[in-house]
Amino acid sequence: MSARLIETGLTPSWPAERVARHIRHTESVVLAAREGLKLPGFAIMQFGDTTAHLNLLAVEPRSQRRGIGRALLVWLEQTALVAGTFVIQLELRAMNLGARAFYETLGYRETGRVNGYYQHLEDAVQMARDLRVSVIQSG
Ligand SMILES: CC(C)(COP(=O)(O)OP(=O)(O)OC[C@H]1O[C@@H](n2cnc3c(N)ncnc32)[C@H](O)[C@@H]1OP(=O)(O)O)[C@@H](O)C(=O)NCCC(=O)NCCS
């Protein structure tokens with residue numbers, strides 16, 4: 001799914017062994033959405049002391065716009081809050097306007113750009129969300 005939906009046109013950098021390493025890694029969460037026997041979406045997030053990094057998030061095209069991406073991200077955010085890790089950071093391809101709109105809807109804001117981040121073919125937009133902001137607003 002990563003090669004097909006996220007790294008389209010790039011040399012895939014998330015082979016199965018790398019995902020397996022994250023499944024075993026105690027500071028990573030590999031999360032899958034399940035519908036019967038199908039896995040329509042997944043996410044991988046790595047936790048640091050003060051920030052967590054969302055490595056990957058994807059939902060199958062036929063299952064998009066049904067709230068699965070939001071459900072995966074909210075689950076990860078709740079996990080981060082429990083762990084006391086309040087800032088979530090991520091990078092996405094600069095031309096991925098759909099994903100950018102998705103993250104903005106969920107409260108993420110652009111924090112920077114990295115030229116040629118994706119194999120020198122495409123820039124990255126860096127985004128982040130401080131989970132404490134919504135905690136304060138909803139409290
Ligand atoms: C980005 C992605 C994960 C969103 O997953 P999703 O399950 O479709 O998202 P949701 O249904 O939970 O969307 C929640 C809200 O985000 C916004 N949103 C989601 N996709 C959007 C899009 N393509 N354009 C504009 N807004 C969008 C909408 O406000 C949506 O609510 P609505 O459907 O009620 O209007 C999915 O489009 C995807 O997998 N894309 C390909 C891979 C990718 O780009 N991954 C992210 C970069 S690592």
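The values are calculated or read from the model by the stated rules, or taken from the named source; none is laboratory data. Source: prediction; values computed, not measured. Don't worry about glycine lacking a Cβ; one is built from the backbone with ideal geometry, like all the others, and counts go over all protein chains shown. Side chains are part of the model used for accessible areas, which takes the heavy atoms of the whole protein and leaves out ligands, DNA and RNA. Shrake-Rupley method; radii C 1.70, N 1.55, O 1.52, S 1.80 Å.
Remarks
- Taking packing as the residue-averaged number of other Cβ atoms within 10 angstrom, the listed peptides 9-21, 104-116, 53-65 run from highest to lowest as 53-65, 104-116, 9-21.
- Taking amide H positions as modeled 1.01 Å from N, with prolines and chain starts lacking one, no residue 5 or more places away or on another chain lies under 5 Å from L10.
- Residue order for D49, D130 - accessible surface, 1.4 angstrom probe, largest first: D49, D130
- Rounded is the label for the chain. Its Cα gyration tensor axes, ordered a ≥ b ≥ c, give a/c under 1.5.
- GNM result for the chain, Cα springs below 10 Å: residue of V125, V82, V30 fluctuating most strongly: V82
- Taking all protein chains as they are arranged and a probe of 1.4 Å, the heavy atoms of I88 leave approximately 0 Å² accessible to solvent.
- For the range 1-76: rounded, prolate or oblate by the Cα gyration tensor [a/c cutoff 1.5]: oblate
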